[in-house]
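J.: Here it is, the structure, as structure tokens.
Derivation of every value follows stated rules applied to the coordinates shown; laboratory data play no part. Note that the structure is a prediction, hence the values are computed from the model and not measured. All Cβ positions, glycine included, derive from the backbone under ideal geometry; neighbour counts span all protein chains shown.
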Amino acid sequence: MSLKRKIVVLASGSGTNLQAIIDAIKAGKLNYVEIAAVISNKKDAFALERARSAGINAIFVNPKDFVSSIEYDKNLIKTISNYNVDLIVLAGYMKVLSEEFINAFTNKIINIHPALLPDFGGKGMYGKYVHEAVLKSAVKESGCTVHFVTAEVDAGPIIAQRKIPVIPGDTVESLSKRILIEEHKLLIEAIGKVFVKVGT
Ligand code: GAR
């Protein structure tokens with residue numbers, strides 16, 4: 001019987017944060033963690049490819065197969081419940097979760113966000129839109145945040161943050177690239193923190 005902590009990763013895109021977790025497990029930094037499955041709402045998400053390459057269950061759930069987002073999430077709850085998970089990691093998951101889903105896994109869902117929450121978060125603030133807003137506002141610092149997911153988008157308790165300076169001349173591309181490097185370290189740190197808290 002495996003005594004490892006089981007996580008499920010939800011991802012919609014390229015999956016570099018997922019890769020950071022896979023690599024950390026391989027490197028022994030999270031050797032008590034096992035990724036039970038990677039689930040995506042996008043068929044061509046490279047995250048699914050990364051999962052397959054690492055021998056992890058890669059599951060595409062098509063939103064078109066469900067009459068509503070709530071039905072979609074109910075199906076997700078069923079799928080994830082089968083794995084008996086300790087933690088659900090949103091690593092670039094670009095679909096807003098329903099309250100049904102969040103309530104089914106209270107205190108067990110974490111999200112990585114590419115800015116210093118509570119600033120630059122909330123509905124519509126994802127991916128490049130976050131960096132665009134940061135650059136437009138002319139703040140001197142940005143960064144990334146890992147937080148617990150609660151009903152209010154991007155407003156749950158913060159687990160960890162990393163800051164970086166915004167450099168004059170920064171573009172969405174340059175800023176997001178530098179933040180992503182920090183995200184990969186932050187996510188591993190935050191997963192470790194969560195499991196220390198609940199006791200590994
Ligand atoms: C990351 O920058 C993550 O913080 C962001 O999407 C990117 C996914 O990259 N998430 C959000 O904006 C959620 N609000 P990845 O697919 O390479 O891990």
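J.: What does the convex hull of the Cα atoms come to per residue for the range 149-197, in Å³? All intermediate terms of the calculation are to be shown ahead of the outcome.
T.: On the way: hull volume 4.5 nm³, N = 49.
Per residue, the Cα convex hull of the range 149-197 comes to 91 Å³.
J.: What does the chain give for Rg and for Dmax, in Å, if only its C-alpha atoms count?
T.: 16.3, 54
J.: Please give the helix 172-198 orientation as an angle from the longest Cα principal axis of the chain, in degrees from 0 to 90, rounded to the nearest 10.
T.: 50 degrees
J.: Give me, ordered by chain and number, the residues 5 or more places off G156 or on other chains with an amide H under 5 Å from its own placed amide H.
T.: Those qualifying (amide H under 5 Å, at least 5 residues apart or on another chain) are T150.
J.: Would you mind counting up the charge near I102? Only other residues with Cβ under 11 Å from its Cβ, with Lys and Arg at +1 and Asp and Glu at -1.
T.: Numbers: positive: K108; negative: D73, E99, E100, E152.
It works out to a net charge of -3.
J.: Net charge near V8, counting Lys/Arg +1 and Asp/Glu -1 over other residues with Cβ under 15 Å of its Cβ?
T.: On the way: positive: K4, R5, K6, R50, K78, K95, K108; negative: E34, D73, D86.
In short, +4.
J.: Next question. For I59, enumerate residues with amide H under 5 Å from its amide H, sequence gap 5+ or separate chain, H modeled in the peptide plane.
T.: So I59 has HN proximity to V38, I39, S40.
J.: Using 7 Å Cα-to-Cβ label points, what is the N107/E132 separation (nm, one decimal)?
T.: 3.8 nm
J.: Further, regarding this structure: Could you work out the relative contact order of the range 82-151? I mean the mean sequence separation of Cα pairs under 8 Å and 6+ apart, divided by the number of residues, in percent. List each step's numbers first, then the result.
T.: Values: 72 pairs, mean separation 27.2, N = 70.
Rounded, it is 39 percent for the range 82-151.
J.: Count the net charge of all other residues whose Cβ sits under 12 Å from the Cβ of L186, scoring Lys and Arg as +1 and Asp and Glu as -1. Mind showing how you got there, number by number?
T.: Numbers: positive: R162, K163, K185, K193; negative: E182, E183, E189.
Result for the local shell: +1.
J.: With no solvent and one equal point scatterer placed on each C-alpha of the range 35-135, evaluate the Debye formula and give log10 I(q)/I(0) for q = 0.14, 0.15, 0.17, 0.18 Å⁻¹, two decimals.
T.: For the requested q values the scattering log ratios are -0.61, -0.70, -0.89, -0.98.
J.: Can you tell me the 0 to 90 degree angle between the C-alpha axis of helix 16-26 and the longest principal axis of the chain, rounded to 10?
T.: 60 degrees
J.: In addition: Over the Cα atoms, compute the radius of gyration (one decimal) and Dmax (the largest Cα-Cα distance, rounded to a whole number) for the range 91-200, in Å.
T.: Calculated on Cα positions, Rg and Dmax stand at 14.1, 44 Å.
J.: Cα extents of the range 25-69 along the three principal axes, largest first, in whole Å?
T.: Sorted largest first, the three principal extents are 42, 18, 12 Å.
J.: On to the next question. Hey, any idea what the orientation-averaged projected area of the convex hull of the range 1-88's Cα atoms comes to, in nm²?
T.: On the way: hull surface 22.8 nm².
It is 5.7 nm².
J.: Enter the angle in degrees (range 0 to 90, nearest 10) between the Cα long axis of helix 69-81 and the first principal axis of the Cα atoms of the chain, meaning the one along which they spread out most.
T.: Between the helix axis and the principal axis of the chain, the angle is about 60 degrees.
J.: Could you order the peptides 60-71, 41-52, 82-93 from most to least packed, using the average number of other C-beta atoms within 10 Å per residue?
T.: By packing density, highest mean first, the sequence is 82-93, 41-52, 60-71.
J.: Let me test this: with uniform point scatterers at the alpha carbons of the range 96-148, what is the Debye-based log₁₀ I(q)/I(0) at q = 0.15, 0.22 1/Å?
T.: -0.47, -0.82
J.: Out of the DSSP beta bridges found with both residues in the chain, what percent are antiparallel (nearest 5)? Each step should come with its number before you reach the end.
T.: On the way: 11 of 28 bridges.
Counting DSSP beta bridges with both partners in the chain, the antiparallel share is about 40 percent.
J.: Still on this structure: Collect residues whose amide H, placed 1.01 Å from N in the peptide plane, falls under 5 Å from the amide H of I109; neighbours closer than 5 in sequence don't count.
T.: Those lying under 5 Å, H to H, from I109 are I88, V149.
J.: Report the one residue of G121, V166, N111 whose Cα lies farthest in the direction of the positive end of the charge dipole of the range 97-200 (charges on C-beta: Lys and Arg +1, Asp and Glu -1; origin at the Cα centre).
T.: Value: V166.
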